[in-house]
Ligand code: GLC
């Protein structure tokens, strides 16, 4: 620890007066009486505040290959304050490292709180507490002392989002959370302070202005959004450095883009990973898996992915196969591949302690496992019984783990599911002093715990990438900030409860706000027995989440789309098919996301930040920027209130009725109807439904058009590539621009191909014009006959068409 710093209770540093400052390139270093800090201008809108407490600057575990684009910076010293001007912000640093941030018009955006921290008083004496505990009430855990604590002023009208998939509601104001990856098999409830992931990043929204803070500290951290005191919010850590990034919006979208500029975006996935996925603990033996595979095809329900949970392994030894249950797995994987399936296998970190088992022997011989203080490999218990924990913080170990992926993918496995990597343990938690070797630097479990799953996913991603040269599909339960670069995530062990369906929406929206564009929940619920109604409603949500996976626990009732009755089965079929028709739309979102970081499932406030009515909406979301989904998440409900945001009109996807934005409407929603609205001017690319991605050669792209009822103009960019390789990174893709314009009685659609590098081009485009039938219709100036008799007007043009005119 740097002795220069004096800690004052929970408040953290008392830096004292500014003694000296200097600017070197984009970093302003400040010497205080009792310490030193730096203000690092990453971009005009992203600023890092740093002070070494436990060590000199350490390589961030989340931020890799940081690009700096600081722009013009000027520094001044006025009235005892260091003033740093970027092209977007003014940052003032006063004594005690008190920071205030303003926009260039002088408007205050975010300020350090000047008072003392004063948590509210918990009334009741110890005896009361003991009695309450005896009765079974959970009392709040005693908080470890926090070495670093930053307090920021909390103003009325503030909202907070992010922190990954915390339980509870979308807006985190008034709540308190701890970042310490936790495998908690109890049902997720609103009061949970910890979850499987630790994403120490949040977005604040105040008076329509958004900014974000990323506290890059992998130790146990705490975020309190005005729970302990409504005058401030705070973030604190038990150790590590004071190291946080301020990310200015003013739009929440810019904040997310800024955050993913730092920590990375999710790379474009293979197209099939956006298809429907069926899982279960466990499909075994082989005959059962084959039965499931055959059933999907027989029942005409699309499905791309089947999962093998822990029972495919030999005694839960990772990278092995149970020879009894799966006597010839390569042949089986090959046969399933012929049916269009991709098989994903689970891999947990715990390596069975078992002499003669090659993975254990290799790990032991090479010192690849985390140890106790005496260097003896640390043992706990997980599925295989006594097990050891690979030290993923060590690059050499990651390399070994990456190589091991070949054992799976070279024999036909399509993706790897990393579970139990919080890391979970059955014989009590790993002690704080379990030792890790972070690339030559010895450290302990306190620092590595929250990044254990992150590093495991990184190793898995890199191993699959090298082995297959395709875009890896990795799914992980535990994560840290930045894991989105390597893996998709699910929210862990939920239950088949309506409360969990409801809560999955804000959980997924907040994950999306935290850089995790590719995420989902166990559709139907993991624990507990699902019901027909719950599965019918859950599949309607799942169809719009990036990861669309039905999964359930051992000994629960069957939960496949056909496991209940015909009605449930047909609802599953309807929404899974809708998902497949919308695949090009979802793929476009993921392509766009690779640049912007903007997720597939979004809270309404991302697109409608000027409409304060949407700031707290938990049960509606945007799918990309054209589709609004307002699922039914209450048992027995067959109608629901839907808020349509201000700023444009909305078209009911099912009835084509048009509504003004800025109003609440009531939508009838019998069990087979999920309320879906398309933004006026929306253009939605569609494919025909298929049993699995690649079943049909797609030579025609359908464009589902929702024209303006009055004047308006919109654009849509569609992306096309081979759906699996990295060739797009060297330019092998096509881009199509569709522009829709309406003025008076004329609708004009322009098609342009802005990039044509990928060989498999569409032969034709089919347009569906919703709600409007023209009197006259021209393609590139040539009049065409109107053929449709029904309300829906559609037509097909060749891939050379450039302009379509519809006259009324
Ligand atoms: C954990 C996972 C769950 C999996 C089970 C068995 O509970 O969260 O998805 O099915 O372990 O591997």
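For the stretch 666-761, the strands (runs of 3 or more DSSP E) that sit wholly inside it and include 2 or more residues that are under 21 Å from residue 578 (Cβ atoms) are 676-679, 683-686, 700-705, 712-720.
Determine if the stretch 259-277 includes at least one residue that is within 16 Å of the ligand (Cβ to nearest atom) and at negative phi. Yes, the stretch 259-277 has at least one match. Across the stretch 194-219, the qualifying residues are those that are within 19 Å of the chain's Cα centre (by Cα) and assigned to a loop (DSSP other than H, G, I, E, B), and the one among them that is surrounded by the most Cβ atoms within 10 Å (Cβ to Cβ) is 199. Of the residues 267, 250, 349, 327, which single one is in a loop (DSSP other than H, G, I, E, B) and crowded, with 20+ Cβ neighbours inside 10 Å? Answer to the selection: 349.
Yes or no: the stretch 798-806 includes at least one residue that is outside any strand (DSSP E or B), in contact with a helix residue (DSSP H, G or I) (Cβ under 6 Å, 6 or more places away or on another chain), surrounded by 15 or more Cβ atoms within 10 Å (Cβ to Cβ) and modelled with pLDDT of 95 or more. Among the residues of the stretch 798-806, not one is outside any strand (DSSP E or B), in contact with a helix residue (DSSP H, G or I) (Cβ under 6 Å, 6 or more places away or on another chain), surrounded by 15 or more Cβ atoms within 10 Å (Cβ to Cβ) and modelled with pLDDT of 95 or more, which makes the answer no. For the stretch 650-670, taking the residues that are more than 19 Å from residue 621 (Cβ to Cβ) and in contact (Cβ under 8 Å) with a residue 60 or more places away in the chain, the one that is surrounded by the fewest Cβ atoms within 10 Å (Cβ to Cβ) is identified as 656.
The criterion of at least 2 residues that are within 16 Å of the ligand (Cβ to nearest atom), farther than 15 Å from residue 351 by Cβ and in contact with a helix residue (DSSP H, G or I) (Cβ under 8 Å, 6 or more places away or on another chain) is met, among helices (runs of 4 or more DSSP H) falling completely within the stretch 387-475, by 452-468.
Got at least one residue in the stretch 298-306 being more than 16 Å from the ligand (Cβ to nearest atom), touching a helix residue (DSSP H, G or I) at 6+ places or on another chain (Cβ under 6 Å), over 30 Å from residue 566 (Cβ atoms) and modelled with pLDDT of 95 or more? No; the residues of the stretch 298-306 include none that is more than 16 Å from the ligand (Cβ to nearest atom), touching a helix residue (DSSP H, G or I) at 6+ places or on another chain (Cβ under 6 Å), over 30 Å from residue 566 (Cβ atoms) and modelled with pLDDT of 95 or more. Annotation note: Cβ proximity below 6 Å between a residue of the stretch 296-314 that is part of a helix (DSSP H, G or I) and a residue that is more than 15 Å from the ligand (Cβ to nearest atom) and at pLDDT 95 or above (sequence gap 6+ or interchain) occurs for 296/303; 312/326. Given the options 374, 354, 361, name the one that is more than 16 Å from the ligand (Cβ to nearest atom) and touching a helix residue (DSSP H, G or I) at 6+ places or on another chain (Cβ under 6 Å). Going through 374, 354, 361 in turn, just one is more than 16 Å from the ligand (Cβ to nearest atom) and touching a helix residue (DSSP H, G or I) at 6+ places or on another chain (Cβ under 6 Å): 354.
In the condition set (1) at pLDDT below 95; (2) crowded, with 18+ Cβ neighbours inside 10 Å, residue 706 is compliant with all but (1). Residues in the stretch 169-216 that are under 14 Å from residue 237 (Cα atoms) and either touching a helix residue (DSSP H, G or I) at 6+ places or on another chain (Cβ under 9 Å) or within 16 Å of the ligand (Cβ to nearest atom) (or both): 179, 180, 198, 199, 200, 201, 214, 216. Of all residues in the stretch 521-536, those satisfying the criterion of being closer than 18 Å to residue 279 by Cα and either surrounded by fewer than 24 Cβ atoms within 10 Å (Cβ to Cβ) or in contact with a helix residue (DSSP H, G or I) (Cβ under 7 Å, 6 or more places away or on another chain) (or both) are 521, 523, 524, 525, 527, 528, 529, 531, 532, 534, 535, 536.
Residue 52 falls short on exactly one of the conditions (1) within 21 Å of residue 234 (Cβ to Cβ); (2) surrounded by 17 or more Cβ atoms within 10 Å (Cβ to Cβ); (3) at pLDDT 95 or above; (4) under 31 Å from the mean Cα position of the chain (by Cα), and that condition is (3).
Here residue 490 passes the criteria (1) surrounded by 24 or more Cβ atoms within 10 Å (Cβ to Cβ); (2) in contact with a helix residue (DSSP H, G or I) (Cβ under 9 Å, 6 or more places away or on another chain) except the one numbered (2). Remark: residue 713 matches the filter, which requires a residue to be exposed (fewer than 15 other Cβ atoms within 10 Å of the Cβ), touching a strand residue (DSSP E or B) at 6+ places or on another chain (Cβ under 7 Å) and farther than 28 Å from residue 534 by Cβ.
The values are calculated or read from the model by the stated rules, or taken from the named source; none is laboratory data. Source: prediction; values computed, not measured. FYI the Cβ positions are ideal-geometry reconstructions off the backbone, even for glycines, and counts take in every protein chain you see.
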